[in-house]
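Notes for the one structure printed next.
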Ligand code: G1P
């Protein structure tokens, strides 16, 4: 049973500067909801009700978004804005158990996940990165939980990426054991094209056994001068722990850069009847003008 999900959201969001000077990148909106809400929805739809946010100074607004705002509720009630009240309540009732841990000096994803050790305790848990949204019939994490029940061990979600993108990701090497499942032999963080063992990139979805914490304590800073989660996974494999890669079903969006963010907005706009019309109108006008 996976009961807890860790969401590291302490990063500075430098790729989205200058807006991220004042707005956490996780709160930038895809249509009318912040990016992070899509990830939270995936967690909840996967049957997990305890969310552990790893935040840093300036990121408290992310928690506030999911927290109760009684003042706003009263205001909307008094003004009889019941449809808006419903929307606010829906967000505020979403997360049953919300826990936050402060990462004082952000020194990488590996360190961020380690911050969750005490709260996670001795049980398997999920990690989801807020930059990566996956639109899928069955939530990506739920698909992973299904295979976790079958194989146990640790699971990372992967997808094939174009060669020019390989150096942006953790890349795996392994052996296919069934449709969509690969037993991982090696992982390497942001390799060059020459070093990369494949084009299978880890996306921001993981299920770990609590033993990962021991490995996170042993790794040293590496790529980018940071503690890399990928290094702990590699060490874990070297010492005999099982790690599987799962080729998930669905479409993934990287919202952490300008182009990816725009692509995500367009994707969700064309899924919305009202906005789809505007999008079509816009495209036609610009094709024929
Ligand atoms: C992180 C991980 C990387 C993974 C990627 C997925 O990198 O370190 O292994 O492939 O997320 O989005 P970041 O995007 O934080 O540089």
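In table form, for the structure just shown:
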quantity	calculated
Part-to-part distance (alpha-carbon centres) for region 96-156 and region 1-76, which is given in Å	14
Hydrodynamic radius (Kirkwood) for region 122-262, which is based on Cα pairs only, to one decimal in Å	15.3
Gain upon complete extension [residue 41, residue 3; 0.36 nm per residue less C-alpha separation]	12.2 nm
Cα-projected label distance for residue 185 with residue 142, points at 7 Å along beta-carbon direction, nm	3.5
Whole-Å semi-axes of the ellipsoid equivalent to the chain (Cα gyration tensor, √5λ, descending)	32, 24, 19
Packing-based ranking, highest mean first, of 255-268, 74-87, 21-34 given that Cβ atoms within 10 Å are counted	21-34, 255-268, 74-87
Per principal axis, descending, Cα span of region 1-89 in whole Å	41, 40, 23
Where labels lie 7 Å past Cα in the beta-carbon direction, separation of residue 282 and residue 241 in nm	4.4
Where a label projected 7 Å from the Cα of residue 74 along Cα→Cβ would reach, residues of region 84-124 with amide N under 20 Å	84-90, 92-93
Residue 21/residue 175 FRET efficiency (R0 41 Å; Cβ-Cβ; nearest 0.05)	0.35
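Read-outs throughout are calculated quantities, based only on the coordinates presented, and are distinct from any laboratory measurement. What you are looking at is a predicted structure, and each value in this text was computed from that prediction instead of being measured. Neighbour counts are summed over all protein chains in view; Cβ atoms, including those assigned to glycine, are modelled from backbone coordinates with ideal geometry.
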